[in-house]
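Written out below as structure tokens is the structure these notes cover.
The values are calculated or read from the model by the stated rules, or taken from the named source; none is laboratory data. Note that this is a predicted model, so its numbers are computed, not measured. We place every Cβ from the backbone using ideal geometry, glycine too, and count neighbours over all the protein chains shown. Each accessible area value is taken on the protein alone, full model and side chains, heavy atoms only, with ligands, DNA and RNA left out. Shrake-Rupley method; radii C 1.70, N 1.55, O 1.52, S 1.80 Å.
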Amino acid sequence: MDSMTLICTVGLLFVGLYWFVCIHGPAEQKGKRAVDLSGGSISSEKVQDKYDQYWSFFRRPKEIETAEKVPDFVDTFYNLVTDIYEWGWGQSFHFSPSIPGKSHRDATRLHEEMAVDLIKVSPGQKILDVGCGVGGPMRAIAAHSRAKVTGITINEYQVKRAKMHNKKAGLDSLCEVVCGNFLEMPFESNTFDGAYSIEATCHAPKLDDVYAEVFRVLKPGSLYMSYEWVTTSKYNGDNEEHRDVIQGIERGDALPGLRRYDEIAAVAKKVGFEVVEERDLAAPPSLPWWDRLKMGRIAYWRNHIVVTVLAAIGVAPKGTVDVHDMLFKTADYLTRGGETGIFSPMHMILCRKPVDAKSDS
Ligand SMILES: C=C(CC[C@@H](C)[C@H]1CC[C@H]2C3=CC[C@H]4[C@H](C)[C@@H](O)CC[C@]4(C)[C@H]3CC[C@]12C)C(C)C
Ligand SMILES: C[S@@+](CC[C@H](N)C(=O)[O-])C[C@H]1O[C@@H](n2cnc3c(N)ncnc32)[C@H](O)[C@@H]1O
């Protein structure tokens, strides 16, 4: 091979790699590039250790005895996955029913707008996003309702990302983000005109604790809506395959144990809410929410190669490959949960804090 051929071959390889990683890299939505994958607030050299600690804690979710450690491990989980989620899914970390003729992005936005339409707020009112991620839903909801949204997340890195996205979208005057634990929120009682949580309260070891906090910070008469992750009436604890799927979902999503669909309203009532409506938005006639995961399979293989190459050449932290591998397997468990109908990520509950609730409660 003469030197000219060698230079051309190396040049083409570089262009090909650049295209694969930087241009073709973002699996669904541009915003995060593969070369920017990080361990969130965890320094690069600690990502592998933190992943190993996470995995040994959540490997058998039903056996977690130290519930008070859960928020710290959830925080670690989001340090590990936030960039990969943004890169491969977008800025909204949740599912939505497929809608014929609509893109995933539109279906996601409609699912978010439904949340704020349900809690009936007016422009300028103050609402709370419980477990806000990097703020995809918050921005769609603020733009749609013109309400002022305060989001809370336990993960400092997500706060940084959410603030950056809010500013970029020109929505920072309507959207505020706070780092904190939704089990002990840093807000005065009776502050908000409405609240919602989108696929976030499933991380609480006891649903009572987070619902009681939401109840406390809401003004009497105002509404709270939540999309909950649950096992459905089709789940049979004696069926080994069912148990395997649910355990796969729990350990790949930092969940201290999924709740049954019929536990949600009971908890809401127990903390003082009136239940206005409850419905599984994944049930027919809704179209499968897991189609997006299934259709993405080839992209996830491609992503796995990208992540492996980037970690090998030291661009992505060591440990990113294990995190990606865990998510890859989790996508399969989630799909099986959807196809068998034993799991729903969108069991919707709408509650009201009674008008005559005591002002200090
Ligand atoms: C509500 C939660 C998160 C729900 C979803 C947003 C995420 C659940 C599983 C995630 C993913 C799985 C496969 C990844 C893929 C291998 C990678 O290449 C690109 C990102 C994924 C598609 C990733 C994206 C987000 C999820 C769909 C939980 C945590 C309560
Ligand atoms: C799957 S993400 C959903 C984020 C957002 N609702 C969305 O749909 O894009 C779950 C969110 O809950 C937050 N979370 C989990 N446990 C928390 C806790 N104890 N306190 C505050 N936030 C928490 C996570 O940090 C993350 O932002």
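Pick out the one residue from V81, V70 that is near ligand 2 (Cβ under 10 Å from one of its atoms), assigned to a helix (DSSP H, G or I), farther than 25 Å from F273 by Cβ and among the β-branched types (V, I, T).
V81
Only residues that are open to solvent by 10 Å² or more (accessible area, probe 1.4 Å) and either near ligand 2 (Cβ under 7 Å from one of its atoms) or touching a residue at least 40 places away in the same chain (Cβ under 8 Å) (or both): list them for the stretch 188-197, please.
S189, N190, T191, D193
Evaluate the following for S92: is it among the hydroxyl-bearing types (S, T, Y) and either out of contact with any Gly (no Cβ under 9 Å at 6 or more places or on another chain) or open to solvent by 50 Å² or more (accessible area, probe 1.4 Å) (or both)?
For S92, the condition - among the hydroxyl-bearing types (S, T, Y) and either out of contact with any Gly (no Cβ under 9 Å at 6 or more places or on another chain) or open to solvent by 50 Å² or more (accessible area, probe 1.4 Å) (or both) - is not met.
Just name the residue that is surrounded by the most Cβ atoms within 10 Å (Cβ to Cβ) out of those in the stretch 132-179 that are in a loop (DSSP other than H, G, I, E, B), of a type outside the set (A, V, I, L, M, F, W, C) and more than 16 Å from ligand 1 (Cβ to nearest atom).
D172
Please go through the stretch 238-257 and give me each residue that is within 16 Å of ligand 2 (Cβ to nearest atom), of a type outside the set (A, V, I, L, M, F, W, C) and buried (at least 18 other Cβ atoms within 10 Å of the Cβ), ordered by number.
E250, R251, G252, D253, P256, listed by residue number.
Name every residue in the stretch 99-114 that is on the phi < 0 side of the Ramachandran plot and either away from ligand 1 (no atom under 14 Å from the Cβ) or free of Cβ contacts under 8 Å to residues at least 60 places away in the same chain (or both), in order of residue number.
I99, P100, K102, S103, D106, A107, T108, R109, L110, E113, M114
Take the residues in the stretch 213-225 that are in contact (Cβ under 8 Å) with a residue 60 or more places away in the chain and in a helix (DSSP H, G or I); name whichever of them is most open to solvent (accessible area, probe 1.4 Å).
R216
With the requirement that a residue be open to solvent by less than 40 Å² (accessible area, probe 1.4 Å), in contact (Cβ under 8 Å) with a residue 40 or more places away in the chain and within 16 Å of ligand 2 (Cβ to nearest atom), what does the stretch 320-337 give you?
Scanning the stretch 320-337 gives V323, M326, L327, T330, L334, G337.
One line per residue, one yes/no per condition, for (1) away from ligand 1 (no atom under 11 Å from the Cβ); (2) of a type in the set (V, I, T); (3) in contact with a strand residue (DSSP E or B) (Cβ under 8 Å, 6 or more places away or on another chain):
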{"site": "G272", "(1), (2), (3)": "yes, no, no"}
{"site": "A282", "(1), (2), (3)": "yes, no, yes"}
{"site": "P288", "(1), (2), (3)": "yes, no, yes"}
{"site": "W301", "(1), (2), (3)": "no, no, no"}
{"site": "V306", "(1), (2), (3)": "no, yes, no"}
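Here are some conditions: (1) touching a Pro at 6+ places or on another chain (Cβ under 8 Å); (2) surrounded by 22 or more Cβ atoms within 10 Å (Cβ to Cβ); (3) within 19 Å of A200 (Cα to Cα). P97 meets all but one. Which one does it not meet?
(2)
Among the numbered criteria (1) more than 20 Å from the chain's Cα centre (by Cα); (2) surrounded by 21 or more Cβ atoms within 10 Å (Cβ to Cβ); (3) within 13 Å of ligand 2 (Cβ to nearest atom), which single criterion is violated by V121?
(3)
Quick check on the stretch 226-237. Is at least one of its residues within 11 Å of ligand 1 (Cβ to nearest atom) and open to solvent by 10 Å² or more (accessible area, probe 1.4 Å)?
Yes, the stretch 226-237 has at least one match.
Which condition number does D129 fail, the rest of (1) part of a helix (DSSP H, G or I); (2) within 16 Å of ligand 1 (Cβ to nearest atom); (3) modelled with pLDDT of 95 or more being met?
Going through (1) part of a helix (DSSP H, G or I); (2) within 16 Å of ligand 1 (Cβ to nearest atom); (3) modelled with pLDDT of 95 or more one by one, D129 breaks only (1).
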